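Below is one structure, written out as structure tokens, with a few remarks after it.
Bear in mind these aren't lab numbers, they're just calculated from the coordinates by the rules spelled out. Given the structure is predicted, the values throughout are model-derived calculations rather than measurements. Using ideal geometry, Cβ is built from the backbone for each residue, glycine included, and neighbour counts are taken over all protein chains shown.
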Amino acid sequence: MNKRLSFLWVVIGILAVLALLVMAGGCASNATVTTTATATKVVATVTTTMPSPSPSITTSAAAAPAPGGAPAAGGAPPAGGAPPAGGAQPKPSGAPAPGGAPAPGGAPPAGGAAPPPAATSAAPAAPAASSGSMKLTSSVVKEGGDMPDKYTRGGAKAGLTTVSPPIAWTGAPAGTKGFAIVGTTTSNTFFWAIVNIPGTATSLAEAVTGVGVEVHKFETPSEGGPGTFGKTLTLYALSGDVPAGATDATLAAALKPLTLGTAVLNYNITVN
């Protein structure tokens with residue numbers, strides 16, 4: 001340490017002499033340049049010959065935190081966990097990326113909005129089926145079978161009197177006060193509808209009349225041309241009577257709150 005102070009005093013003395021010479025104006029400009037170069041050489045020599053600090057001092061300096069919270073030399077974090085210079089904070093894993101894009105790790109965008117689920121195709125409509133244990137049958141056609149011409153438009157073409165088919169049912173649910181029978185086509189139009197059938201009934205005869213309230217008289221629609229077409233008879237077990245004045249347009253809404261169970265019979269007709 002004493003050696004360093006001695007060298008510094010020598011340098012300071014040289015610089016002081018140069019300053020006096022310049023102030024006195026006794027030296028030419030070329031002499032000043034030469035003297036300055038000489039002084040610089042002396043300073044460089046002094047710096048070169050100064051002893052290096054001991055390894056222990058170098059190691060301590062490297063471990064010390066740099067001013068302003070910047071990380072110290074050698075990659076050590078700043079003391080006390082201070083953020084790096086410039087105030088930038090490292091992004092934690094899973095934080096939302098700029099622009100709302102999901103961050104690494106699958107985190108949703110900022111705002112908590114989840115990606116929409118993948119679109120799926122709607123399932124095709126299933127054939128009409130019964131609900132509950134009630135069962136509807138007919139002595140002239142089986143489930144999914146072909147209805148005889150007598151009960152279709154084909155019978156009318158053959159000169160037959162077209163009438164409604166005989167039907168019967170079992171397994172009405174508890175609390176049933178009445179029934180309704182509704183015939184629909186594949187285009188969901190009515191071809192037969194009787195409501196307020198007594199709750200004690202278990203069948204309807206062929207070409208039935210005078211039972212319940214007829215909303216839509218039995219008919220055999222043409223279906224628009226030759227071919228095979230599906231028909232469905234649906235029996236409704238009801239908890240009460242359908243209000244008077246029901247029509248094709250209002251029948252479905254009138255039956256809905258009264259329905260305890262249903263049974264269906266699907267069959268085909270052939271139009272030539």
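For residue 260, the residues whose modelled amide H falls within less than 5 Å of its own, excluding neighbours fewer than 5 places apart on the same chain, are 237, 238, 239. Among the listed pairs 135/177; 177/256; 142/177; 142/217, a Cα-Cα separation exceeding 19 Å is found for 142/177; 142/217. One decimal place: the segment residue 241-residue 140 gains 33.4 nm when fully extended, by the rule 0.36 nm per residue minus the C-alpha distance. Multiplying the residue separation of residue 18 and residue 248 by 0.36 nm and removing their Cα-Cα distance gives an extension gain of 70.8 nm. Would you list, by chain and number, the aspartates and glutamates whose Cα falls below 14 Å from the Cα of residue 231, excluding same-chain residues fewer than 8 positions away? Within the straight-line limit of under 14 Å, residue 231 reaches these aspartates and glutamates: 143, 146, 149, 219, 223.
One equal scatterer on each Cα of the stretch 135-271, no solvent, Debye formula: the resulting log10 I(q)/I(0) at q = 0.15 Å⁻¹ is -0.70.
Rg over Rh for the stretch 196-251 works out to 1.00, using Cα positions for both radii and the Kirkwood form for Rh.
Karplus-derived 3J(HN,Hα) values for the stretch 177-186, using 6.51 cos²θ - 1.76 cosθ + 1.60 with θ = phi - 60°, are 10, x, 9, 9, 10, 10, x, 10, 9, 5 Hz; glycine and proline are entered as x.
The slack between residue 214 and residue 187, meaning 0.36 nm per residue of separation minus the straight C-alpha distance, is 7.6 nm. Calculated FRET efficiency, residue 174 to residue 205, Cβ-Cβ distance, R0 = 22 Å: about 0.25 to the nearest 0.05.
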